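Enquirer: Quick one: the structure is below, questions incoming.
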Amino acid sequence: MIHTSYIKNYNINHFFKVDYISYLIPTLILFKLIILFISSNFALGFDTTAKSAIVYDETTKSILFEKYADKPLPPASMSKLMTLLLTFEALEEKRINLSTKFRVSEKAATKGGSTMFLEKNQQVSVEDLIKGISIVSGNDACIVIAEGLNGTEESFVKRMNLKAKDIGLTNSNFNNSTGWPSPGHVMSVRDLLKIAILLREKYPNYYNYFLETEYTWNEISQPNRNPLLNLNLGVDGLKTGHTTEAGYGLVASSELGERRVTFVIAGTNSKEERKLEGEKLLQWAYRDFKIVEIFPENHFLGKAPVWIGSQDFVELKTNSKIQELLPYGKLNEIKAELHIMSPISAPIKYNEKLGTLKIFIPSFIEGQENRIVEYPIYSSSEIDKGGFSKKFIAALKVSFSKIYQFVKFEKYLN
């Protein structure tokens, strides 16, 4: 169990001397909040036997682990995710629909490797072709889609490479629609991760195809090739890959509780190793990281001085619950700072944004800089402009400051 305690009821003046001069000039004031997490402290280190890997927590947009994540490698059938991305895009743009049928060419029907057993001249619906790709990794289905959308596979490949640039894939190049071994047909695991996230977030209506456990075509039933679907890990996609050159790879996404984790591994040596490494990565991502509430909703953070207001200070608060993903081994290293311009001129509205709360969180990747996340902070009350007495006192402060500055100037000249 994680226990949290906060140093409460801060007054900014407890941390910074506010004299007449600084009180008159709006200044960026910073004060630090001490946050204590009591927890067991063990090493964060982790590794995998995969040649390349990346683990991403989608809930907090955080990379938890990476290993040669930008190295271009043969992706095998994992690159079929780009073929599916362009298919889903065509569906959303209504250039085709799920019932649209494409004819199977001789090239598609005779393609080797994994197949959904299409026959030459069959007319097959887009929905069946999507299932043939996402469930049983059909090379034949990819070629039919490519030829149906762009006339030839070669033309479709040009579109794949243009799309790669458009969505920011920096270490990918496509020579075919299937992932068939070809010199220069490469992807990095980071690029595969980007496509996986895009498929789920932008095209949720088609994402469930990855979850289907079996597909039958021409009276031939084949199981989904994703080895993690039935392991009670919340896995609901996406794609395996294997060639002799590439080894065994996997792009997978999982949702458990309030978190979603997506990962890519490439270059394992066998189906069994791919399954074990994928399972190990997911279990580690859920076990060794936890979403922790740092501050509750409407939490009191401190007080800031007010210039010519009906009150001398305004209380600062959070407006919503603030929570972040933290590694268990580094829970006691989190820090927070308040940044405000002080004093704050009246009038001040209730729930008015007055500054920024910066939270410094240990990096998930050893050796990298701490992450900095920012949240706005707000006033917890309404403060009107001050009356005559407040203005009179302010005028005295201004007069005093002028005399003080003149004396300092004279002293400097002498």
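Enquirer: Would you mind calculating the relative contact order of segment 111-220 from Cα pairs under 8 angstrom and at least 6 residues apart, reporting the percent as a whole number?
Expert: 27 percent
Enquirer: Now for a separate question. Please compute, for the alpha-carbon atoms of segment 117-244, the extent along each of the three principal axes and give them in descending order in Å.
Expert: So the extents along the principal axes, rounded to whole Å, are 40, 37, 33.
Enquirer: Please compute the Kirkwood hydrodynamic radius of segment 189-346 from all pairs of different C-alpha atoms, in Å with one decimal.
Expert: One decimal place: 19.6 Å for the Kirkwood radius.
Enquirer: Give the Kirkwood hydrodynamic radius (Å, one decimal) of segment 285-340, defined as one over the mean of 1/r across all pairs of different Cα atoms.
Expert: One decimal place: 13.6 Å for the Kirkwood radius.
Enquirer: Treating only the Cβ of Lys, Arg, Asp and Glu as charged (+1, +1, -1, -1), what charge dipole size does segment 52-287 show about its Cα centre? Round to the nearest 20 debye.
Expert: Charge dipole of segment 52-287: 360 debye, to the nearest 20.
Enquirer: In addition: Within a Cβ distance under 13 Å of Ser134, other residues only, what is the Lys/Arg minus Asp/Glu net charge?
Expert: After counting each charged neighbour, the total is 0.
Enquirer: Applying a 10 Å radius around every beta-carbon, put 181-191, 286-296, 130-140 in order of their mean neighbour count, most first.
Expert: 130-140, 181-191, 286-296
Enquirer: A follow-up question, please. Suppose R0 equals 51 Å. What FRET efficiency, 1/(1 + (r/R0)^6) with r the Cβ-Cβ distance, do Met341 and Asn218 give to the nearest 0.05?
Expert: In this case the efficiency is close to 0.10.
Enquirer: A further question follows. Using alpha-carbon positions, what is the distance between the centroids of segment 166-219 and segment 292-324, in Å?
Expert: Spelled out, the Cα-based centre of one part sits 46 Å from the other.
Enquirer: Name all residues of segment 59-99 having a backbone nitrogen under 20 Å from the label point set 7 Å from the Cα of Lys202 along its Cα→Cβ direction, giving them as ranges.
Expert: 59, 61-62, 78-98
Enquirer: Two decimals is fine: what is log10 I(q)/I(0) at q = 0.21, 0.24, 0.32 Å⁻¹ for segment 226-269, from a Debye sum with one equal scatterer on every Cα and no solvent?
Expert: Reported log10 I(q)/I(0), two decimals: -0.66, -0.79, -1.10.
Enquirer: Note the full-extension length gain between Glu272 and Leu211 as 0.36 nm times their separation in residues minus their Cα-Cα distance, in nm to one decimal.
Expert: 19.9 nm
Enquirer: What residues qualify as long-range amide H neighbours of Glu324, i.e. H under 5 Å apart, gap of 5 or more or another chain, H built at 1.01 Å from N?
Expert: Sorted by chain and number, the residues that satisfy this are Val292, Ile294.
Enquirer: Anything over 20 Å Cα to Cα? Flag those among Lys80/Lys163; Lys131/Lys202; Lys280/Lys321, in the order listed.
Expert: Going by Cα-Cα distance, Lys280/Lys321 fall outside the 20 Å limit.
Enquirer: Another question, if that's okay. Considering only the other residues whose Cβ falls under 15 Å of the Cβ of Pro223, what net charge follows from Lys and Arg at +1 and Asp and Glu at -1?
Expert: Within the 15 Å Cβ shell, the charges total +3.
Enquirer: Still on this structure: At 7 Å along Cα-to-Cβ for each site, give me the label-to-label distance between Asn121 and Lys280 in nm.
Expert: Taking the simple label geometry, Asn121 and Lys280 are separated by 5.3 nm.
Enquirer: Can I ask one more? Under the Kirkwood approximation for Rh and a Cα-based Rg, what ratio Rg/Rh is obtained for segment 52-287?
Expert: 0.94
Enquirer: Give me, ordered by chain and number, the residues 5 or more places off Ser62 or on other chains with an amide H under 5 Å from its own placed amide H.
Expert: Here the answer is Asp57, since their amide H atoms fall under 5 Å of that of Ser62.
Enquirer: Translational diffusion coefficient, Stokes-Einstein: compute it for segment 129-194 using the Kirkwood radius over C-alpha pairs as Rh, at 10 °C and 1.306 mPa s, and state it as an integer in µm² s⁻¹.
Expert: Diffusion coefficient, whole number: 129 µm²/s.
Enquirer: Still on this structure: So how far apart, in nm, are the two label points at Glu382 and Ser363 if each is 7 Å from Cα heading toward Cβ?
Expert: Between Glu382 and Ser363, the label points sit 4.8 nm apart.
Every read-out reported here was derived from the displayed coordinates using simple, explicitly stated rules and does not represent laboratory data. Remember, predicted model here, so these are calculated numbers, not experimental data. With ideal geometry, Cβ positions are generated from the backbone for all residues, glycine too; neighbour counts draw on all protein chains shown.
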